[in-house]
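One structure is given here, and the rest of the page talks about it.
The values are calculated or read from the model by the stated rules, or taken from the named source; none is laboratory data. Since the structure is predicted, the reported quantities are computational estimates derived from the model, not experimental observations. Note: ideal-geometry Cβ built from the backbone for every residue, glycine included; neighbour counts use all protein chains shown.
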Amino acid sequence: HPAKEGGDRPVLFTDSKFHNIGLPNNRIIFDLVGAPFVDLGLGGALNDPREDGRFKTEHLRNIDLTPPYMHNGVLTDLWQVVHFYNTRDVLPHCDPALGNLDPGFATECWPEPEIPETMDSSFVGDLGLTFDEEMAIVEFMKTFTDDFTCP
């Protein structure tokens, strides 16, 4: 995390780096011509295909208050986020014609990655967590929510 030990800034719980974790396309989002929308992320901003699909890691403060999750809103709750990190490479691929609209989405299958060419496989996909461990992480993430309200 970025906060310095003994500093007065709150911990953000992020590495502030750009990653392509292999998220699927969100079939609910369409571009102007009706084709499935693909956000190239950092690669689109830099016009560099080597960076396609990379998005900045968001902080986790108040994470429970900000669904849907990920750059394209494809994951609807925190359990899906944790389950994706845990099982992206374990579950089979969903029906390509349905993608995240497949009835088995997130429980029985994951769609193909939106941009597989630059996907990072080093820390996502097969964590070996049980359901109870996934739920414990979700509950822990909920503790990052504060009770601050704007005046």
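Points worth noting:
- Candidate set: the range 33-88, residues that are β-branched (V, I, T) and in contact (Cβ under 8 Å) with a residue 60 or more places away in the chain; chosen: the one surrounded by the fewest Cβ atoms within 10 Å (Cβ to Cβ): V38
- Checked against the criterion of being at pLDDT below 95 and within 18 Å of I115 (Cβ to Cβ), the candidates R88, R27, R50, R61 yield just one match: R27.
- Residues of the range 89-118 classified as buried (at least 17 other Cβ atoms within 10 Å of the Cβ), in contact (Cβ under 8 Å) with a residue 24 or more places away in the chain and either touching a His at 6+ places or on another chain (Cβ under 8 Å) or within 16 Å of F131 (Cβ to Cβ) (or both), total: 3
- Subset of the range 48-70 that is part of a strand (DSSP E or B) and not charged (D, E, K, R) - its residue that is nearest to N100 (Cα to Cα): Y69
- Here I21 fulfils each of the conditions (1) part of a loop (DSSP other than H, G, I, E, B); (2) surrounded by fewer than 18 Cβ atoms within 10 Å (Cβ to Cβ) apart from (2).
- Within the range 119-151, considering residues that are surrounded by fewer than 16 Cβ atoms within 10 Å (Cβ to Cβ), touching a residue at least 60 places away in the same chain (Cβ under 8 Å) and under 15 Å from the mean Cα position of the chain (by Cα), the one farthest from F55 (Cα to Cα): S121
- The range 71-105 - residue that is more than 15 Å from the chain's Cα centre (by Cα) and assigned to a helix (DSSP H, G or I) and, of those, farthest from L42 (Cα to Cα): L101
- Number of the exception - E108 against (1) modelled with pLDDT of 95 or more; (2) of a type in the set (D, E); (3) in contact with a helix residue (DSSP H, G or I) (Cβ under 9 Å, 6 or more places away or on another chain): (3)
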